[in-house]
Structures are given as structure tokens and as C-alpha cells.
Amino acid sequence: PQAIVLSLGASVQFTGGGDGGTQSLFSGTPGRVIETIQRYQEIGVQDFRLDFPSPSFESLLQAMERFATEVRPRVSA
């Protein structure tokens with residue numbers, strides 16, 4: 001069991017942080033996404049496979065850049 005790596009695949013969607021509407025597991029402000037990732041890390045998830053659903057290539061790059069600069073530095077490796 002110690003050799004088993006817990007992995008999770010999910011979408012990241014940056015929104016204004018409101019609670020209305022349908023949301024993905026990792027949705028909301030960067031702070032909310034960080035909190036969600038940290039909760040999963042606390043229960044043992046070590047590997048995250050994330051995607052960034054986007055209507056265009058430009059918005060995909062923006063979401064990935066935002067994750068890289070605002071979220072990734074604040075979660076442990």
C-alpha cells in the first residue's frame with residue numbers, strides 16, 4: 001500500500017468565486033482552487049492531472065498561465 005500513488009484528474013475553471021451555477025471540482029478564484037488542492041493533498045492525493053476547458057486556444061493559455069503563476073507556487077509539490 002505504501003507504493004500506491006493516489007491520483008486525481010479534474011478540470012480547473014477560474015471564475016469570480018460565486019456559488020451559483022454548475023462548477024467543476026477545481027473552480028472559483030485562485031485562492032479557492034488552492035484550498036481545494038490542499039484538501040485533497042491532506043487526504044493523500046499526490047498526483048493531479050488537470051485540464052483547463054477553454055473555448056479558444058488563447059483562453060487556454062491564459063488559464064494555464066494563471067495557474068502557473070497564482071496557484072502552483074502556493075501548493076506543495
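Name the single residue, out of those in region 23-68 being among the aliphatic types (A, V, I, L, M) and outside any helix (DSSP H, G or I), that is modelled with the lowest pLDDT.
Restricting to residues being among the aliphatic types (A, V, I, L, M) and outside any helix (DSSP H, G or I), the top hit is Leu25.
Could you look through region 48-77, keep only residues that are closer than 24 Å to Val5 by Cα and open to solvent by less than 40 Å² (accessible area, probe 1.4 Å), and pick out the one that is farthest from the chain's Cα centre (by Cα)?
Within region 48-77, the match that is farthest from the chain's Cα centre (by Cα) is Val75.
The values are calculated or read from the model by the stated rules, or taken from the named source; none is laboratory data. These figures come from a predicted structure and were not determined experimentally. Side chains are part of the model used for accessible areas, which takes the heavy atoms of the whole protein and leaves out ligands, DNA and RNA. Shrake-Rupley method; radii C 1.70, N 1.55, O 1.52, S 1.80 Å.
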